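Novice: One structure follows; several queries about it will come next.
The values are calculated or read from the model by the stated rules, or taken from the named source; none is laboratory data. In this text the structure is predicted, and so the values were computed from the model without any measurement. For neighbour counting, all protein chains shown are included, and Cβ atoms are generated from backbone atoms with ideal geometry for every residue, glycine included. Just so you know, the surface numbers come from the protein's heavy atoms only, side chains and all, with ligands and any DNA or RNA stripped out. Shrake-Rupley method; radii C 1.70, N 1.55, O 1.52, S 1.80 Å.
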Amino acid sequence: MKNRPLICPLAVATALALAGCGLLPGDADRSRTVDVWLMRDSVSEDFLQRFTQAYESEHPGVELEFTIQEWTGIGKKVTEAIKGPGGPDVIEVGNTQVAQYADTDKLYDLTLESVRDLGSEDWLPGLAEPGRIGGSQYGIPWYAANRVVIYHKDLFKAAGLSKPPTTRAQWLDDTEKLNRHGSQGIYLAGQDWYTLAGFIWDEGGELADDKGGDWTGALASPAALRGMAFYKELHSLGSGPKDADEQTPPQAEVFAKGDVAQIIATPSAVAAITKANPALKDKLGFFPIPGKTAGQPCAVFTGGSDLIVPENAPERTAAIDVVKALAGEKWQTELARAMNYVPNKTTLASVVEGQEATAVMAVGAARGRATPNSPQWADVEAANPIKPYMTAVLQGEDPKKAAEAASAQITEALAE
């Protein structure tokens, strides 16, 4: 698709003393086109049109061309584009993908802009940290989403529970009360490793440790084992499979049957739940995944997107200005409200206060994390030894031995 927003080109590095939004001498009559790659369904057509119109009126002289990309096969496509003679100027990438692209040495270092113009000290950690490689910021946080607990209000009421739990201990007690009379306290699939990651991080553990650039699997640490132990206890309070993930079968469809009190999912699951069972539309509630103490929710995996600028961007100076606009407060507010996303800063959480599910996500996002920041982490996920490790523990195998075996596989994958 093609839109026509306009941007104020910043001065090139050799002329930074020129007025920030002024054109370079001799450039007044030159039109610029900034090519922006966005991913399918990341934004609505309405958002793009509004952004385009506002940007055009504020920044004459530049056109924006938006190209919508598919997630399938995007890794190879982006890598080829940033290594080529002159690809897109701005690219939306998954937050956990930044490391593999930065490993090509073909991304522009946006550290200065992050500190000087974008208030990086307030960014969500789950977006900012994976965008930071070797002390340099290559990925600019754009939007986030994370898991919360979706619960069935009627089942909570029937169990005598008037409000959601705020601590892990209370959550277990409440879930045990809910796991009676033909209802499941929680449906938790045995291989939901993103949820496990949050429990491991909450205990102070890691999936893998970075030792001066050498990555090693860390599932066998005492902290990580405590996270798995809690997962096993929670899993026992429902009838989730031990040898399948949350997509087999889709947990939203299981919840929609009406006899499950809770699932752990992003609020986007509500659409599938209510499609399968419209009667649940007004019976759903949300709360942050509880942490060990009240007032501090559990750490969660943060999904979402960052914006990158390739070194070979034909209109790099103008591209940086577009990134600033998309990641700035005005359009972060617009994006969060339009798409039910968590904005990129903790200080912007208030802009979604009227959206119950998104506001709950924002509470958890303040303690968000991302997967290990290694260019090879995608190789770990491709084989994913974490899933069979979880199944082994749930089926009664020795947790430490199973964790050591999975950790060895992680280490091997990260060393390639």
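Novice: My understanding is that a pair violates if its Cα-Cα distance is over 30 Å; which of Lys157/Lys400; Lys106/Lys401; Lys76/Lys211; Lys292/Lys400; Lys163/Lys400 do that in this structure?
Specialist: Over 30 Å apart, Cα to Cα: Lys157/Lys400; Lys106/Lys401; Lys163/Lys400.
Novice: Could you go through the range 243-252 in sequence order and give the Karplus-derived ³J(HN,Hα) for each residue, using 6.51 cos²θ - 1.76 cosθ + 1.60 with θ = phi - 60°, rounded to whole Hz, and x for Gly and Pro?
Specialist: In residue order, the calculated couplings are 10, 8, 8, 6, 9, 10, x, x, 5, 4 Hz.
Novice: What share of the DSSP beta bridges in the chain is antiparallel, in percent to the nearest 5? Display every interim value, and only then the final one.
Specialist: Working: 29 of 43 bridges.
Bridges in the chain are about 65 percent antiparallel.
Novice: Now a separate question. In nanometres, what is the gap between the two model label sites at Leu112 and Lys281, each 7 Å from Cα along Cα-to-Cβ?
Specialist: Output for this residue pair reads 5.4 nm.
Novice: Now a separate question. Could you work out the percent of alpha carbon pairs in the range 247-387 separated by over 26 Å, rounded to a whole number?
Specialist: Every Cα pair in the range 247-387 considered, those over 26 Å come to 42 percent.
Novice: Using only C-alpha positions, report the orientation-averaged shadow area of the convex hull of the range 308-382, nm², one decimal.
Specialist: Its Cα hull, projected and averaged over all orientations, spans 7.1 nm².
Novice: What order do you get for 180-193, 375-388 when each peptide is scored by the mean count of other beta carbon atoms within 10 Å, highest first?
Specialist: 180-193, 375-388
Novice: Order the peptides 324-332, 63-71 from the highest to the lowest mean number of other Cβ atoms within 10 Å of their residues.
Specialist: 324-332, 63-71
Novice: Have a look at the chain and give its Rg and Dmax from the Cα atoms, expressed in angstrom.
Specialist: 22.7, 77
Novice: Given the range 198-277, what whole percent of its Cα pairs are spread farther than 15 Å? All intermediate terms of the calculation are to be shown ahead of the outcome.
Specialist: Working: 2085 of 3160 pairs.
Taking all Cα-Cα pairs of the range 198-277, the fraction more than 15 Å apart is 66 percent.
Novice: With every protein chain left in place, what is the accessible area per residue of the chain in square angstrom, probe 1.4 Å?
Specialist: 42
Novice: Excluding residues on the same chain fewer than 8 positions from Lys345, give the lysines whose Cα lies under 16 Å from its Cα.
Specialist: Once the sequence-local lysines are set aside, what remains near Lys345 is Lys324, Lys330.
Novice: OK, next. Would you tally the net charge around Ala319, using a Cβ to Cβ cut-off of less than 12 Å, leaving Ala319 out, and scoring K and R as +1, D and E as -1? Intermediate results must be reported in sequence, preceding the final value.
Specialist: Details: positive: Arg32, Arg316, Lys324; negative: Asp35, Glu65, Asp89, Glu113, Glu311, Glu315, Asp321.
Value of the local net charge: -4.
Novice: Hey, another quick one. Suppose we look only past 22 Å in the calculated P(r) of the range 269-347. What percent of the Cα-Cα pairs does that tail hold? Display every interim value, and only then the final one.
Specialist: Working: 1645 of 3081 pairs.
When all Cα pairs of the range 269-347 are counted, 53 percent exceed 22 Å.
Novice: Further, regarding this structure: Per residue, how big is the convex hull around the C-alpha atoms of the range 350-392? Give it to me in cubic angstrom, could you?
Specialist: Dividing the Cα hull volume of the range 350-392 by its residues yields 122 Å³.
Novice: With a 1.4 Å probe and all protein chains left in place, how much of the accessible area of the range 26-133 comes from carbon and sulfur atoms, in whole percent?
Specialist: On the way: 2210 of 4910 Å².
C and S fraction of accessible area: 45 percent.
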